[in-house]
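First comes the structure, then the notes that go with it.
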Amino acid sequence: MKISSIKYSLIFRFTILLAFIMITGCTPSINVSYQSGLENYEGEKYRTAIALFTRALWDDPANPEIYFYRAGAKFHLEDLPGAIEDYSVAITLNPGEDKYYINRGMVYTTLTNYDDAISDFNHAIEIDSLNPESFFNRGYVRELLGDYNGAVEDYSNSILCDSTDPRFFVNRGNINSIIGENEKAIMDYTSAISLNPEDKIAYQNRAGDYIKLGRFPEAVADLTKAIKLDPTRSDFYYSRAEAKVGLNNFLGAAVDYTHIIKLEPIDALAYYNRGICYANIELKDNACADFIKAGELGLFEAYEVIKEYCNKDEE
């Protein structure tokens, strides 16, 4: 079976408000380059945006916002060292702006430089202790480091700062699930769903904890909702199939594995698991056909099942 919880990733600060760009006191050429850079950035034309931001810096080299947005464009082009350099210049020019630390911390996280990432998020929290993004991002890194108590604390602080963002509840629920606090995890996912009834990740994760507690009907209901929201996710079908097996509904599970095979025709595990379901409802020919296919696709343990189950009557 392929069951795993899903979490939301880090939060970047790249909000662009073109309507609020001040032009008073700046030369027209600077503002044209800066504004054009922002427009190209918003249009995901990052190379052009970088060129325009660089041109704007010729006349205004002490403007940290230009470095900030150029760093963002560099990040999108996977120039991570260049992004760190620009964020660092922005911090030098204005060390009291938390978003510069937040985004540089994100780049450090991408580079798996977790100590520097946490240091940046700490600085951001010192600047603004009410910004939920800083706590959320630090919690994310702590989770990566296996510091689950620290991660729960940070996600909880995110919620204290802003109890309207379902992502904070989902990620805290994920940690609660990891540490075996399944009921608390379910409560967190339920809170996320109440905030966003179309949060497919919350439904998937809550179902995972229902499965751990043997509450299979509730798991099936959640996964059916998740599948309705996104019928292209094979992991949702995997989870629902497991819940159906928990209910001894092997035919229903086989149907879910059939959906997976339609989505991923070379998924050996889906064929193998469907074969097990068929074997449990005495559809031996179907089961053996699936075991053979799983073996052909590289799941070699299927051949052992073929030997023990499919060829049993021939010996």
(message) Suppose the filter is in contact with an Asp or Glu (Cβ under 7 Å, 6 or more places away or on another chain), at pLDDT 95 or above and among the β-branched types (Val, Ile, Thr); does Ile260 pass it?
(response) yes
(request) Scan the stretch 87-104 residue by residue and report those that are closer than 13 Å to Asp116 by Cα and among the aliphatic types (A, V, I, L, M). (result) Ile102
(request) Kindly list the number of the only condition in (1) more than 22 Å from His76 (Cβ to Cβ); (2) touching a Leu at 6+ places or on another chain (Cβ under 9 Å); (3) among the hydrophobic types (A, V, I, L, M, F, W, C) that fails for Leu145. (result) (2)
(request) Run Gln204 past the list (1) touching a Ser or Thr at 6+ places or on another chain (Cβ under 7 Å); (2) within 26 Å of Asn131 (Cα to Cα) and report the number of the one that doesn't hold. (result) (2)
(request) Please determine, by comparing only the residues of the stretch 70-82 that are part of a helix (DSSP H, G or I) and in contact with a helix residue (DSSP H, G or I) (Cβ under 6 Å, 6 or more places away or on another chain), which one is farthest from Thr110 (Cα to Cα). (result) Arg70
(request) Return the pairs, sorted by first residue and then second, in which the second residue is surrounded by fewer than 16 Cβ atoms within 10 Å (Cβ to Cβ), the first residue lies in the stretch 217-229 and is modelled with pLDDT of 95 or more, the beta carbons are less than 8 Å apart, and the residues are 6+ apart or on different chains. (result) Pro217/Leu247; Val220/Leu247; Leu229/Glu198
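One line per residue, one yes/no per condition, for (1) at pLDDT below 95; (2) acidic (Asp, Glu); (3) in contact with a helix residue (DSSP H, G or I) (Cβ under 8 Å, 6 or more places away or on another chain); (4) surrounded by 16 or more Cβ atoms within 10 Å (Cβ to Cβ):
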residue	(1), (2), (3), (4)
Ile84	no, no, yes, yes
Asp98	no, yes, yes, yes
Gly105	no, no, yes, yes
Ala117	no, no, yes, yes
Leu130	no, no, yes, no
(request) Consider only pairs whose beta carbons are under 6 Å apart and that are at least six residues apart or on different chains; among these, list those whose first residue lies in the stretch 103-115 and is in contact (Cβ under 8 Å) with a residue 60 or more places away in the chain and small (Gly, Ala, Ser) and whose second residue is surrounded by 24 or more Cβ atoms within 10 Å (Cβ to Cβ) and not in a loop (DSSP other than H, G, I, E, B). (result) none
(request) Scan the stretch 238-255 and give yes if some residue there is among the polar types (S, T, N, Q) and more than 18 Å from the chain's Cα centre (by Cα), otherwise no. (result) yes
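The values are calculated or read from the model by the stated rules, or taken from the named source; none is laboratory data. Because the structure is a prediction, the values reported are computed rather than measured. All Cβ positions, glycine included, derive from the backbone under ideal geometry; neighbour counts span all protein chains shown.
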